[in-house]
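All remarks here apply to the structure that follows.
The values are calculated or read from the model by the stated rules, or taken from the named source; none is laboratory data. Just so it is clear, the model here is predicted, and its values are computed rather than measured. We place every Cβ from the backbone using ideal geometry, glycine too, and count neighbours over all the protein chains shown. Surface accessibility is based on the protein's heavy atoms, side chains included, excluding ligands, DNA and RNA. Shrake-Rupley method; radii C 1.70, N 1.55, O 1.52, S 1.80 Å.
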Amino acid sequence: MGGETTGTLRRDAIGLREVLFQSVTAMAPAAAVAASIPSGAAFAGGSLPLAVLIALVACLFTASCVAELARELPAAGSVATYAARGLHPAVGFLVGWGYVFVEMLVPPLLLLQLGFTAAGTLHEEWSSYPADLWWPWSLAGAGVIAAAGYLGVRASARFGTVLGVFEIVVFLVFALLLIGKAGDANTLSVFGTSHTADGYAGVGGVFAGSVYTVLAFAGFEAAAPLAEETRDPRRTMHRAVLGAALGIGLFYVITTYAMTVYFGPDRFAKFGASGAASWDGVARASFGLFWVLVFLAVVNSTIANANACANVSTRTAFALARIRVLPRLLATLHPRHRSPVAGIAAQTVVAVGTALGLGFAYDPVTAFLLLATVIVTVVVGVYIVVNLACPGHFLRAGRGALKPVRHLLFPVLGIVAFVPALLTAAGLPVFDFVTELTPPVSYAGPVVGGWMAAGVVVLLVLMRRHPERIAETARVHLEEYEPTAGPRQDGTVPR
């Protein structure tokens, strides 16, 4: 492979702009607006903008915790390192084990969406194109993502920035057109509880809608694994994580408001991800060829999201491989680009194999739903653990570093926000609005359980044979390159 299994990732390769869009594109804003957020309309109806606003506030609690830890512990291991420092190295290993697994499944998830979106649209426009010919688009997307990753973090992050700007601009312009055409129908009543769906009146409907909407925020932490390749990482990571969560959250509020007032708040419970009552349907019916830009923005969003999450999976795997809790091969770096080439190769194989294997075994949409359930279940679980790690870390750091609101209150509120989302993603009918999962999507639970059980076995073996490796999950490698004398700019001292 022509790489090396020692050394560091490229230092100071990217800045705030690229890191910000690493998190932005990992949230897949266009795809979330067009496909994820409308799932909440069945409950919140025309009050969905309020549900999105509540979800934004709820997610900012966890984003604040991640940002605080990212500033203190700038490491490619990100959430694994936070859990190791804030709770216990064994917990850090299990968080990293689960996080690498699901982040490696995000690219095949998006490649499936790219495939069935492109094939379905082409078939709708030209009936001679087979609706089931989705896989060439998935393979093409995999090639683009692999090439961007191979060329290094600078190329990959800048590629993500361009893609992210395009999808955001398209949907913001569309939102402004919708608001303009709505005219006198513009109303702030959509930020109240008077337009909820039948059977989910008042606050209950808004709460149900917000639980489904929370899942659209997943990915705001994706900047954190690039800490070792970022200029001024302590400051940049903090700004990027919070900036992405807040910025894209407001983007969700604006776009959802625009479509709600245009489509009609009292009819919005029937709005969805496809058909005439969808973003694509409204664009086709009322805005001429503008629907092409909407389609391209959604396709663009799948590639950008896959690219961002490939960066996350390969950097996290690199961090765990260099301390030898994952195979050392995954720490192999390209001698020129300093990209984790073995990890990128493994990510590409997993992406193509999973997308084609599940896509042909079931169908691309069913495979997408199965992978989405696996991913969201683990990611939301990781968020809950990170919320627990935040007070753990700062309580150990001492009173001078502890800020009660940010480090104690916000983590509790973050857990409260994400527990309902976890139960919903797993299909556990604790609430009356949760739909119980059916096969094959219900297989997600056993898949996650089996993977984490395997992680426990690996953990026990390592703790028996190489306990020092587990202890190193708490290691922040960047601290080895910082001056040890004197405090940092934020007043804390490297430990």
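Taking the charge dipole of the chain about its Cα centre, with +1 at Lys and Arg Cβ atoms and -1 at Asp and Glu Cβ atoms, the residue from A83, S138, T473 reaching farthest to the positive side is T473. For the chain, the membrane-span-like helix rule (DSSP H, alpha carbon extent of at least 27 Å along the helix axis, mean Kyte-Doolittle at least 0.0) picks out 48-72, 89-125, 153-182, 233-263, 290-322, 341-361, 364-397, 444-465; this says nothing about an actual membrane.
Counted by Cβ distance under 9 Å from R324, the other residues give a net charge of +2, where Lys and Arg count +1 and Asp and Glu count -1. Taking the centroid of alpha carbons for each part, region 111-190 and region 56-86 are 29 Å apart. Protein-only accessible surface at a 1.4 angstrom probe places the residues V412, V292 in the order V412, V292, largest first. Extending 7 Å from the Cα toward the beta-carbon at both K403 and S189 defines two label points whose distance is 4.1 nm. Charges were assigned to the Cβ only: +1 to each Lys and Arg, -1 to each Asp and Glu. The resulting dipole of region 9-114 about its Cα centre is roughly 100 debye. For Cα extents along the principal axes in Å, computed directly from the structure shown, the correct entry in (i) 63, 52, 39; (ii) 66, 65, 45; (iii) 62, 56, 48 is (i).
Counted without the sites themselves, the longest stretch of the chain free of chymotrypsin sites (Phe, Trp or Tyr not before Pro) in a DSSP loop having at most 16 other beta carbon atoms within 10 Å is 127-286.
Near V299, once Lys and Arg are set to +1 and Asp and Glu to -1 for all other residues with Cβ below 15 Å from its Cβ, the sum equals -4.
Fully extending the segment from E436 to L395 would add 10.8 nm, taking 0.36 nm per residue of separation and subtracting the current Cα-Cα distance. At full extension, V144 and E468 could sit 112.8 nm farther apart than now, given 0.36 nm per residue minus the alpha carbon distance. Probing with 1.4 Å while keeping every protein chain in the model, the per residue accessible area of the chain equals 38 Å².
As a fraction of the 1.4 Å probe accessible area of region 1-82, surface on carbon and sulfur atoms comes out at 61 percent. Projecting the Cα atoms of M463, T348, V385 onto the charge dipole of region 323-469 (Cβ charges, centred on the Cα centre) puts M463 farthest toward the positive pole. Inter-label distance, L296 to R231: 3.1 nm, where each label sits 7 Å from its Cα along the C-beta direction. Net charge in the neighbourhood of A90 (other residues with Cβ under 15 Å of its Cβ; Lys, Arg +1, Asp, Glu -1) is +3. Calculated mean residue ellipticity, 222 nm, the chain: -22000 deg cm²/dmol, from DSSP H runs (n ≥ 4) at -39500 (n - 2.57) each, averaged per residue and rounded to 500. Compared with the direct C-alpha span, the chain from V162 to D266 gains 33.7 nm at full extension, assuming 0.36 nm per residue.
Cβ-Cβ distance of V173 and S274, R₀ of 22 Å, FRET efficiency by 1/(1 + (r/R0)^6): the value works out to about 0.50.
The heavy atoms of L250 offer some 80 square angstrom of accessible surface to a 1.4 angstrom probe.
Between the residues S23, A197, G288, the greatest Cα displacement towards the positive end of the dipole of the chain, with unit charges on the Cβ of Lys, Arg, Asp and Glu, is found for S23. Assuming R0 = 45 Å, what is the FRET efficiency of D363 and A453, from their Cβ-Cβ distance, to the nearest 0.05? Efficiency for this residue pair is about 0.95.
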